[in-house]
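Reading through the structure tokens given below for one structure.
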Amino acid sequence: MKLQKQHWLFKLSLLSVSVLLMSAPIISAALPLMFTDFPDQSKSAIETLLTVPNFGIILALLISPLCIRFFWKKNTVILGLCIALVSGILPAIINNYSMILASRFMFGAGIGLFNSLAVSLLAEFYQGDELSTMMGYQSVAGSLGSAALSFLISYLVTLGWHQTFWAYLIIIPVLLLFSFFVTIDEKKAATTSKAAAPEKITFNLAVIGLSVLIFFLFAFFMTSVVKLPEFIVSSGIGSTSSVSISAGLSTLVGIPIGLFYGKIHKLLKQTLLPLGLLLAAIGFFIISKSSNLPILIIGVLLIGIGFGASVPFIYTWTAKVAPKNAINISYTCLIIATNIGVFFSPILLNTLGNLFGNSSPAFSMLVASGGFLALAVVMGTSLLIKEKNRSLLKN
């Protein structure tokens, strides 16, 4: 069915794939149970099940342009969704650690095939304020999907860790929506690409800087995914179900931020990014000092607000500063930096823990708080310098 890009069903179907972009870590609540069921595997090996999809994502991002060239954009998205569906639910019916690890890698590969397209297609269909609004909706879709899956897993995990993987059946309606209601003028895009072929694709300093920023952003943010389950259970604050509920609330609070992101961005402009980073820093600090679930949830909510404001800002900023013939590859760089940050998060936290002689999850929360605070200071200072230079040029 061919719909106009302004049709609500077209927008819904286009945004639906973003529901899955942050779905790899949602099974974190199952880790404490898997520690028990795989006694022959180290704690680090089990935690790798959370981060190994990022290897698959990076690999798929690198081959995604080739797939697009041979199979077109829409078919590449559909192929990625099919791979993610099969490999996502496979751990629900197997008990072999190596096979589960391989399936998690393939799940990441499936997500990686359409990861950059989930964002670049928005820039292809929309511009200006409408693009900012759609970027906000894209953030909402990611938050809504992650929250819904987290709440679902808070129940499924009570039935056993195998059952948590059935949550990935959510891919089926996404596959149907995108297949039937999203139409991409592939021939027009191909003609445009050929016409622009002689032009050299270049990166600018801004895109490189934003890639570095998002690397550290996700490296510190993943503390709330990797270390929060251990923090909640070991401190006696809650159970494995509490982990999923807390994660769900963190992403759920990002929904209103995404819905009104366009208006918030207009109001706060460039100050939105350092403010969001500062809120995340405060949230992690509160978690590190929390001794009960209500206080911990306050910290989680602040992280969700700060993170929900920062990520769409970075993607919108990239659309403005990236060379017009390199928007897709610029987004690919951001996503690769994101996934490298996610993968290195446990390594960074454990290294700093060993360096300071404190490997407790509470200390990891403090490290993340300090990291976000440093990012807020750097971006805030950069903003002040930029505004000062702009004022001098006016004078």
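Quick one: with all protein chains in place, what share of the accessible area of the chain is carbon or sulfur, to the nearest percent (1.4 Å probe)? Before the final figure, lay out each step's value.
Details: 12120 of 17230 Å².
Of all accessible area on the chain, carbon and sulfur atoms account for 70 percent.
Within the chain, which is the longest segment containing none of the trypsin sites (Lys or Arg not before Pro) that sit in a DSSP loop and have at most 16 other Cβ atoms within 10 Å?
Numbers: sites that count: Lys2, Lys5, Lys200.
With a cap of 16 other Cβ atoms within 10 Å, the longest stretch comes to 201-395.
State the extension gain, in nm to one decimal, for the chain segment bounded by Leu383 and Ile94, taking 0.36 nm per residue of separation less the distance between their alpha-carbons.
98.9 nm
What area, in nm² and to one decimal, does the C-alpha convex hull of the chain cast on average over all directions?
20.0 nm²
Counting only heavy atoms of protein chains, what accessible area per residue, in Å², does the chain have with a probe of 1.4 Å? Walk me through the numbers before you get to the answer.
Details: 17230 Å² over 395 residues.
That works out to 44 Å² per residue.
Below 10 angstrom from the Cβ of Ser364, what's the summed charge of the other residues (Lys, Arg +1; Asp, Glu -1)? Write out the running numbers ahead of the final one.
Working: positive: Lys227; negative: Glu230.
Net charge around Ser364: 0.
Based on DSSP H runs of at least 4 residues, each adding -39500 (n - 2.57), what is the mean residue ellipticity at 222 nm of the chain after dividing by all its residues, to the nearest 500 deg cm²/dmol?
Numbers: 18 runs with 311 residues, N = 395.
The helix-only estimate for the chain comes to -26500 deg cm²/dmol at 222 nm.
The values are calculated or read from the model by the stated rules, or taken from the named source; none is laboratory data. What you see is a predicted model, and the numbers here were worked out from it, not measured in a lab. FYI the Cβ positions are ideal-geometry reconstructions off the backbone, even for glycines, and counts take in every protein chain you see. Surface areas here come from the heavy atoms of the whole protein model, side chains and all, with no ligands, DNA or RNA. Shrake-Rupley method; radii C 1.70, N 1.55, O 1.52, S 1.80 Å.
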